[in-house]
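Peer 1: So that we are looking at the same thing, I have put the structure below in structure tokens.
The values are calculated or read from the model by the stated rules, or taken from the named source; none is laboratory data. In this text, all values refer to a predicted model and were calculated from it rather than measured experimentally. Note that each Cβ is placed from the backbone with ideal geometry, even for glycine, and that neighbours are counted across all protein chains shown. For the accessible areas, the whole protein counts, side chains as well, though only heavy atoms, and no ligand, DNA or RNA atoms are used. Shrake-Rupley method; radii C 1.70, N 1.55, O 1.52, S 1.80 Å.
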Amino acid sequence: MAHQQYHDQILVEGSLSSSVRTVILNRPKQLNALSLPMITRLLELFLAYDIDSNVKLIVLKGKGRAFCAGGDVAAVVRDIKEGNWRLGADFFRKEFTLNYIMATFSKPQVSILDGIVMGGGAGVSIHGRFRVATENSIFAMPETALGLFPDVGASYFLSRLPGFFGEYVGLTGARLDGAEMLACGLATHFIPSAKLSLLEEALCKIDSSDPAAVCAVIDQYAQRPNLKEQSAYHRLDLIDKCFSRKTIEEILSAVEGEASNKADDWISNTIQSLKKASPTSLKISLRSIREGRLQGIGQCLVREYRMVCHVMQGNLSKDFFEGCRAILLDKDRNPKWEPSKLELVCNSMVEEYFKTMDSEDWEDLKFPARLKLPGCALAKL
């Protein structure tokens, strides 16, 4: 039964005679949140497809109204509470390995982001070559509100967004729609959801791994949507002015300074998001994104794995467990962070998250050897 359930959470369509495989995340009631069995199965499939010359293109989508709302962190917390943070570490080890395989995949991956794309959902899509947003897309990296940090290689892809938009998205957990995803480069195309079935039909007829051929097909259905008037992307100058600052305190102070100039919902929402987030999470997230600007995807994932293991172990801070309690379990949305203020999180505390774990039989993230490595799909972001 367990084995059956393991396969039911990931469905694969595509006949053996076809060179296209459509992989479907199938936990619609949980908004396709990634369980360990799902991650394990995706890893098996992508490693197999990478070396199978019959498979030339992967289409990845979600069942129901979400693409993927993230990793199943509630299950991870449950494991840790039962006394084994290493089970949590194993979850992230496999997830980050999958992110790396996708980022360095030898064939095009087309992710159809029709619905919610958050956290781990970004990890299994944004690293692929083609990301199709629709009018239903909602993207966010909400980790700082959970006592975590934008992981799954987010320090790589957020740091490559225009200006300091990645810092804004990663620190505040701001939600972006499909038009904003296209504008900032998180999506490569925007296609109305009514045309997705036509797109999938056309993709299934492609017998090529040539990204130009795949792109030409997607382009036939793509549109240029208008950004809403209140879109944060219209405020890129203001975002750059505030989020380019060196510390979280300076960023918050800069945004508050803008609030004193004019009453503005966007500014007050940004201040509120920063003030509600875990102070520790904000500080390690900012440093992570800044380091990511100068690192490759593999280096970012190795560093994020160190960081997440410190979070799982809980010796430096318990904010992750408190955030999960307040937002996912008790749902009182009132976490009690410790330390509770930014000024109480000193640089030496932040530094600890970036060190290797001082724990027997713990080791850094290592990636499987690959036959051929193309340039990372996100190099063009």
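Peer 1: For the ranges 48-60, 155-167, what's the packing order if you count other beta-carbon atoms within 10 Å of each residue, average per peptide, and put the highest first? Could the numbers behind the result be given before it?
Peer 2: Numbers: 48-60: 18.0, 155-167: 23.4.
In descending order of packing, they fall as 155-167, 48-60.
Peer 1: In the chain, what percentage of the DSSP-assigned beta bridges are antiparallel, given to the nearest 5? Walk me through the numbers on the way to the answer.
Peer 2: Details: 6 of 27 bridges.
Within the chain, antiparallel bridges account for around 20 percent of the total.
Peer 1: In terms of modelled amide H atoms, which long-range or inter-chain residues lie less than 5 Å from the amide H of Leu60?
Peer 2: Val23, Val110, Ser111, Ile112
Peer 1: Same structure, new question: Helix 265-276 versus the longest principal axis of the chain: what angle, 0 to 90°, nearest 10, using Cα atoms?
Peer 2: 80 degrees
Peer 1: Heavy atoms only, 1.4 Å probe, whole protein assembly: order His234, His127 by accessible area, highest first.
Peer 2: Numbers: His234 110, His127 0 Å².
Result of the area sort, largest leading: His234, His127.
Peer 1: Which length gain, in nm to one decimal place, applies between Ala259 and Lys228 when the Cα-Cα distance is subtracted from 0.36 nm times their residue separation?
Peer 2: Working: separation 31, 0.36 × 31 = 11.16 nm, distance 2.15 nm.
Full-extension gain reported as 9.0 nm.
Peer 1: Among (i) 21.1; (ii) 35.7; (iii) 20.1, which is the computed Kirkwood radius over Cα pairs in Å?
Peer 2: (i)
Peer 1: Let's test the formula: R0 of 25 Å, r as the Cβ-Cβ distance of Arg333 and Leu87. What FRET efficiency results, to the nearest 0.05? Intermediate values should be presented prior to the final figure.
Peer 2: On the way: r = 27 Å, r/R0 = 1.07.
That pair, Arg333 with Leu87, gives E of 0.40.
Peer 1: Can you give the charge dipole size of the range 1-133 about its Cα centre, rounded to the nearest 20 debye, using +1 on the beta carbon of Lys and Arg and -1 on the beta carbon of Asp and Glu?
Peer 2: Details: 16 positive and 11 negative charges, 52 e Å.
Dipole of the range 1-133, to the nearest 20 debye: 260 debye.
Peer 1: Show me, for the range 28-41, the HN-Hα J-couplings you get by feeding each phi into the Karplus relation (A = 6.51, B = -1.76, C = 1.60, θ = phi - 60°), rounded to Hz, glycine and proline as x.
Peer 2: Residue by residue, the range 28-41 yields x, 5, 9, 6, 6, 4, 6, 8, 4, x, 5, 5, 4, 5 Hz.
Peer 1: Name the residues whose placed amide hydrogens come within less than 5 Å of the amide hydrogen of Ile138, ignoring near sequence neighbours (fewer than 5 apart) on the same chain.
Peer 2: Here the answer is Gly115, Ile116, Val117, since their amide H atoms fall under 5 Å of that of Ile138.
Peer 1: Also, quick follow-up: Just the C-alpha atoms of the range 1-122: what Rg/Rh do they give, with Rh taken as the Kirkwood radius? Numbers along the way, then the final one.
Peer 2: On the way: Rg = 14.5 Å, Rh = 14.9 Å.
Taking Rh as the inverse mean 1/r over Cα pairs, Rg/Rh reads 0.97.
Peer 1: May I ask you to derive the FRET efficiency for Ala48 and Ser17 from their Cβ-Cβ distance with R0 = 22 Å, giving the value to the nearest 0.05?
Peer 2: 0.80
Peer 1: Can you tell which of Thr356, Ile80, Ser244 lies farthest toward the positive end of the dipole of the chain, using +1 and -1 charges on the Cβ of basic and acidic side chains (Lys, Arg; Asp, Glu)?
Peer 2: It is Ser244.
Peer 1: Per residue, what volume in Å³ does the convex hull of the Cα atoms of the range 193-253 enclose? Working shown, then result.
Peer 2: Working: hull volume 10.1 nm³, N = 61.
Enclosed volume per residue, from the Cα hull, is 165 Å³.
Peer 1: So what are the ³J(HN,Hα) numbers for the range 133-146, from phi and the Karplus equation (6.51, -1.76, 1.60; θ = phi - 60°), rounded to whole Hz, Gly and Pro as x?
Peer 2: Coupling constants for the range 133-146: 9, 9, 5, 8, 5, 9, 10, 7, 10, x, 4, 5, 6, 9 Hz.
Peer 1: Right, here's the next one. From the protein chains alone at 1.4 Å, what is the descending order of accessible area for Ser209, Ser348, largest first? Walk me through the numbers on the way to the answer.
Peer 2: Working: Ser209 45, Ser348 75 Å².
Result, largest first: Ser348, Ser209.
Peer 1: Mark the label point 7 Å from the Cα of Arg293 along Cα→Cβ and return the residues of the range 146-188 whose backbone N is within less than 15 Å of it.
Peer 2: Of the residues in the range 146-188, 155-171 have backbone N under 15 Å from the label point off Arg293.
Peer 1: Another question about this same structure. Putting +1 on Lys and Arg Cβ atoms and -1 on Asp and Glu Cβ atoms, find which of Ser253, Tyr305, His127 reaches farthest to the positive end of the dipole of the chain.
Peer 2: Looking along the dipole axis, the top candidate is His127.
Peer 1: Can you tell me the 0 to 90 degree angle between the C-alpha axis of helix 85-103 and the longest principal axis of the chain, rounded to 10?
Peer 2: 50 degrees
Peer 1: For the ranges 247-259, 128-140, 32-44, what's the packing order if you count other beta-carbon atoms within 10 Å of each residue, average per peptide, and put the highest first?
Peer 2: Details: 247-259: 16.5, 128-140: 23.2, 32-44: 21.7.
Top of the packing list down: 128-140, 32-44, 247-259.
Peer 1: Okay, next question. Size of the dipole of the chain about the Cα centre, Lys and Arg at +1 and Asp and Glu at -1 on the beta carbon, nothing else charged, in debye to 20? Display every interim value, and only then the final one.
Peer 2: Values: 46 positive and 46 negative charges, 79 e Å.
Rounded to the nearest 20 debye, it is 380 debye.
Peer 1: Hey, can you grab everything whose amide H is under 5 Å from the amide H of Gly71? Only 5+ residues off in sequence or another chain; H modelled, so Pro and N-termini drop out.
Peer 2: So Gly71 has HN proximity to Leu34, Gly120, Gly121.
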